[in-house]
Every structure is written in C-alpha cells, then in structure tokens.
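Written below as structure tokens is the structure these notes are about.
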Amino acid sequence: MKKATLLSVAVTTAFYMLCGCMGYAAFGDAAPGNLLTGFGFYNPYWLLDIANAAIVVHLVGAYQVYCQPLFAFVEKWCRQRWPDSDFITKEYPVRLLPGTKCCYTLNPFRLVWRSAFVVLTTVISMLLPFFNDVVGLLGALGFWPLTVY
C-alpha cells in the first residue's frame, strides 16, 4: 500500500507541477485560479462540460487516495487506545450475494468514522465560497499524512 500511495502521489505531483508551470509560462502572474472559466471562455460548451466532468472524476479518485492514510492512522490509534471496545475492533461478516461462502467484513467504527469524515469535509467545502479554497483545504487535510508518515 505504501508503494502504491507513493507512486500515486509522485504522478499527481508531476502532473500538478506540469500544469502549474505551463499555466505560469503562458499567463504569468495573471493566470486565474480556474483556467477553465477564468478568462470568460465559455464556448464550446461541450468542451467545458467534458473538462468539468474530468475534474470531478479526478477529485473523487484523488480524495480516496489521499484520505486512506489518514483513515488508517485514526483507526490504528483507536484500536490501540480502546482494544476492548467491540464497536472499534469487532468485524461483522456480511454476505454480499446469497448462497456464497465469501463474505465482506463490516466494522461499525470504520463505517461511522469514514462517513463522518466525508460529511464533515463536504460541509466545510460547502461553506467555502470558491473552488480553489476547497481543493486547497482537501489537499492540506489529505496530503499531510503522506508526507509525515
């Protein structure tokens, strides 16, 4: 997992640096925060729709990659802090398809903690008025565990 996370962060960093350097080379200090809409360029509409859909797909995937180390850290800390709590340590088997032997294990703490974290980051992002601020906050929340641990 650590190698996969390191590789994904390295590739993401390379693409962000490439976009940042190209944007600065093309526009200098006048580069807007959102290159898609910063210039009042709204035609062709289909191209902007595809670009915005690509941003959504990227953010959904990146959010998962950057949050996993934070989730693992908090869950490990809670298991060490409260080892006797069934809410935190017990895994409940859940059959995904009837009649199959294979089961998915469900941990209530993991379900509640991860859901609460996603809801909290969503609420915080709705309170911020600009897209760049949301991306910066989510990046700061998700990126620091990768650099520290």
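Computed from the coordinates by the stated procedures, all read-outs in this text should not be read as laboratory data. Just so we're clear, the structure is a prediction, and the values are computed from it rather than from any experiment. FYI the Cβ positions are ideal-geometry reconstructions off the backbone, even for glycines, and counts take in every protein chain you see.
Here is how the numbers come out for the structure above:
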quantity	calculated
Cα-based reach from residue 2 at 20 Å (exclusive), listing lysines while leaving out same-chain residues under 8 positions away	76
Estimated 222 nm signal from helices in the chain, with DSSP H stretches of n ≥ 4 weighted -39500 (n - 2.57), rounded to 500	-24500 deg cm²/dmol
Label point distance in nm, residue 79-residue 45, each placed 7 Å from Cα along Cα→Cβ	5.1 nm
Alpha carbon convex hull of segment 43-148, volume per residue in cubic angstrom	159 Å³
Per-residue Cβ neighbour rank within 10 angstrom, fewest leading, 79, 114	79, 114
Computed over the chain: relative contact order in percent, which uses C-alpha pairs under 8 Å that are six or more apart	20 percent
Cα centroid separation, segment 85-149 to segment 51-82 (Å)	6 Å
